[in-house]
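Take a look at the structure below.
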Amino acid sequence: MPRFLRPALFLSLLALVACDEVAVANDPVARAELRATKSCISAVERETGVSGAAINTTIPIIEINQYIVNVPNAPYWTCFTNDEGQAQTIVENRRG
């Protein structure tokens, strides 16, 4: 890979990540939700050592500050956050 290409790719990725924040800049609830999902994904990936985790949008959640995180080829996790959107507790859920 040419030397100049690596910084360009990094800056492109950084700009893409910043787009999420800009898209919800005027909505505090959406910003908190975005922070919480990122925090939960990061906590689960750190715990499992597996990348590619994603928030499950098919299992209904009735609790506030609670998220289900899918991990590729592994059980899903439940993540509980504080009101600031920081992951506080993660629990592995065994699939039957």
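The values are calculated or read from the model by the stated rules, or taken from the named source; none is laboratory data. Everything numeric in this text was worked out from a predicted model, so none of it was measured. Note: ideal-geometry Cβ built from the backbone for every residue, glycine included; neighbour counts use all protein chains shown. Surface accessibility is based on the protein's heavy atoms, side chains included, excluding ligands, DNA and RNA. Shrake-Rupley method; radii C 1.70, N 1.55, O 1.52, S 1.80 Å.
Tally the residues that are assigned to a strand (DSSP E or B) and under 15 Å from Leu34 (Cβ atoms), restricting the search to region 62-92.
5
How many of the residues making up region 15-57 are open to solvent by less than 70 Å² (accessible area, probe 1.4 Å), modelled with pLDDT of 90 or more and assigned to a helix (DSSP H, G or I)?
11
Enumerate the pairs (first residue in region 54-67 and under 14 Å from Ala87 (Cβ atoms); second residue anywhere and part of a loop (DSSP other than H, G, I, E, B)) with beta-carbon separation below 9 Å, excluding pairs fewer than 6 apart on the same chain, so at least 6 apart or on different chains.
As it stands, the answer is Asn65/Asn82; Asn65/Asp83; Asn65/Gly85; Tyr67/Asn56; Tyr67/Ile61, since those pairs meet every condition given.
Determine which member of the set Asn93, Asn82, Asn73, Asn65 is open to solvent by 90 Å² or more (accessible area, probe 1.4 Å) and either out of contact with any helix residue (DSSP H, G or I) (no Cβ under 7 Å at 6 or more places or on another chain) or not hydrophobic (A, V, I, L, M, F, W, C) (or both).
Exactly one of Asn93, Asn82, Asn73, Asn65 is open to solvent by 90 Å² or more (accessible area, probe 1.4 Å) and either out of contact with any helix residue (DSSP H, G or I) (no Cβ under 7 Å at 6 or more places or on another chain) or not hydrophobic (A, V, I, L, M, F, W, C) (or both), namely Asn73.
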